[in-house]
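The values are calculated or read from the model by the stated rules, or taken from the named source; none is laboratory data. All of these numbers come straight from a predicted model, not from anything done at the bench. Note that we place each Cβ from the backbone using ideal geometry, even for glycine, and neighbour counts take in every protein chain shown. Ligands, DNA and RNA are stripped out before the accessible areas are found, and what is left, the full protein with its side chains, is counted by its heavy atoms. Shrake-Rupley method; radii C 1.70, N 1.55, O 1.52, S 1.80 Å.
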Amino acid sequence: MRMPLIAGNWKMNGSLALVEAFGRAFADGALPVNVEVALMVPFPFLEAAGRALGETSVTVGAQTLSDRPSGAFTGEVSAAMLRECGARLVLVGHSERRTLFGEDDAAVLARVKAALAERLTPVLCVGETLEEREAERTEAVVLGQVEAVFDALDESERARLEVAYEPVWAIGTGRTASPEQAQVVHAAIRGCLARYDQALAGGMRLLYGGSMKADNAAELLAQPDIDGGLVGGASLKVDDFLAICQSAG
Ligand code: 13P
């Protein structure tokens with residue numbers, strides 16, 4: 001049985017006050033015990049999030065990292081720094097990083113390796129654009145992104161990732177993939193992972209992201225190959241995020 005994981009991705013949003021509000025709201029056992037919950041906050045909020053959520057079951061994570069361990073890379077943040085500030089997970093290859101910051105598959109792989117080297121859990125994000133979907137290239141694009149990373153890892157490394165399928169056309173648009181559309185791609189990803197190892201495929205959590213909300217989470221999470229969510233906008237409101245976590249329980 002795969003324990004569901006609901007991860008909030010605040011992107012470049014939020015504040016220290018919001019970190020505190022989440023800490024207060026989740027402190028009293030509000031979260032279901034059979035769901036793992038994570039919040040991926042901006043770098044400056046990592047330590048405060050660790051403190052505010054310290055009494056809860058929520059894991060704190062970051063949204064990207066450098067592929068280098070240290071050095072003259074002004075503005076960059078290393079995996080070791082993230083770990084020292086309390087992050088245990090890190091998003092890698094989010095479509096906003098791929099499209100706005102030019103991270104290609106090689107850059108994504110280098111960041112996955114940097115995260116693994118510091119015992120951070122990389123959440124590998126994959127997904128197709130609308131143009132790619134309309135050209136019926138969804139599977140080729142998504143599995144290509146998965147293989148670009150998994151081909152280059154060894155067996156023990158592969159088992160330490162989480163994978164999030166986020167169709168680019170569903171991110172921040174209010175246009176969610178239907179549960180059936182999402183399930184088809186999740187099943188294809190699991191099939192792809194099975195070519196490396198059946199046990200890997202059976203154990204790997206596959207999260208869906210893209211306009212997941214309190215009112216559509218349950219039907220997405222009911223799909224056999226959807227094991228959680230990567231939630232953007234709805235993770236900025238305590239009540240909405242809590243409702244999504246509860247629908248996974
Ligand atoms: P939205 O939930 O705002 O569509 O964002 C999804 C996302 O990109 C999470 O990483």
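Considering only residues in the range 208-221 that are surrounded by fewer than 24 Cβ atoms within 10 Å (Cβ to Cβ) and in contact with a helix residue (DSSP H, G or I) (Cβ under 7 Å, 6 or more places away or on another chain), the one that is farthest from Met12 (Cα to Cα) turns out to be Glu219. Quickly run through the range 194-222 and pick out the residues that are out of contact with any strand residue (DSSP E or B) (no Cβ under 8 Å at 6 or more places or on another chain) and either assigned to a strand (DSSP E or B) or more than 16 Å from the ligand (Cβ to nearest atom) (or both). Within the range 194-222, Ala194, Arg195, Tyr196, Asp197, Gln198, Ala199, Leu200, Ala201, Gly202, Gly203, Ala222 meet the criteria.
Scanning the range 200-207 turns up one or more residues that are open to solvent by less than 10 Å² (accessible area, probe 1.4 Å), over 17 Å from Glu36 (Cα atoms), free of Cβ contacts under 8 Å to residues at least 24 places away in the same chain and not basic (Lys, Arg).
Would it be correct to say that Glu147 is part of a helix (DSSP H, G or I), touching a residue at least 40 places away in the same chain (Cβ under 8 Å) and farther than 26 Å from Ala38 by Cα? Spelling it out, it is not the case that Glu147 is part of a helix (DSSP H, G or I), touching a residue at least 40 places away in the same chain (Cβ under 8 Å) and farther than 26 Å from Ala38 by Cα.
Among the residues of the range 80-96 satisfying the criterion of being touching a Lys or Arg at 6+ places or on another chain (Cβ under 9 Å) and within 19 Å of Val231 (Cα to Cα), which is surrounded by the most Cβ atoms within 10 Å (Cβ to Cβ)? Residue satisfying both the conditions and the ranking: Val92.
Scoring Leu53 on the criteria (1) more than 16 Å from the ligand (Cβ to nearest atom); (2) open to solvent by 10 Å² or more (accessible area, probe 1.4 Å); (3) in contact (Cβ under 8 Å) with a residue 12 or more places away in the chain leaves a single failure, condition (2). Tallying residues that are open to solvent by 10 Å² or more (accessible area, probe 1.4 Å) and more than 15 Å from the ligand (Cβ to nearest atom) within the range 155-170 yields 6.
Might you check whether a residue that is under 17 Å from the mean Cα position of the chain (by Cα), among the aliphatic types (A, V, I, L, M), surrounded by fewer than 19 Cβ atoms within 10 Å (Cβ to Cβ) and under 29 Å from Trp169 (Cβ atoms) occurs anywhere in the range 8-29?
yes
Tell me which residues, restricted to the range 177-193, are within 16 Å of the ligand (Cβ to nearest atom) and surrounded by fewer than 20 Cβ atoms within 10 Å (Cβ to Cβ). Listed by number, the residues that qualify are Ser178, Pro179, Gln181. Residues that are open to solvent by less than 70 Å² (accessible area, probe 1.4 Å) and closer than 20 Å to Glu76 by Cα were ranked within the range 30-47; the one that is nearest to the chain's Cα centre (by Cα) is Met40. Among the candidates Ala106, Ala114, Ala152, the residue that is open to solvent by 30 Å² or more (accessible area, probe 1.4 Å), part of a helix (DSSP H, G or I) and away from the ligand (no atom under 14 Å from the Cβ) is uniquely Ala106.
Of the set (1) assigned to a helix (DSSP H, G or I); (2) out of contact with any strand residue (DSSP E or B) (no Cβ under 9 Å at 6 or more places or on another chain), all apply to Ala182 but (2).
Find the residue count for the range 111-131, including only residues that are in contact (Cβ under 8 Å) with a residue 12 or more places away in the chain and more than 17 Å from the chain's Cα centre (by Cα). Steps first, please.
First pass over the range 111-131, keeping only residues in contact (Cβ under 8 Å) with a residue 12 or more places away in the chain: 111-130.
With the extra rule that they be more than 17 Å from the chain's Cα centre (by Cα), the set shrinks to 117-118, 129-130.
Residues flagged as in contact (Cβ under 8 Å) with a residue 12 or more places away in the chain and more than 17 Å from the chain's Cα centre (by Cα) within the range 111-131 amount to 4.
Close contacts from the range 230-242, counting a first residue that is open to solvent by 50 Å² or more (accessible area, probe 1.4 Å) and a second that is within 7 Å of the ligand (Cβ to nearest atom) and part of a helix (DSSP H, G or I), with Cβ to Cβ under 7 Å and a gap of 6+ residues or different chains, come to Asp240/Ala234.
Of all the numbered requirements in (1) under 21 Å from Leu236 (Cα atoms); (2) of a type in the set (Ser, Thr, Tyr); (3) modelled with pLDDT of 95 or more; (4) more than 16 Å from the ligand (Cβ to nearest atom), Ser66 misses one, and that requirement is (1).
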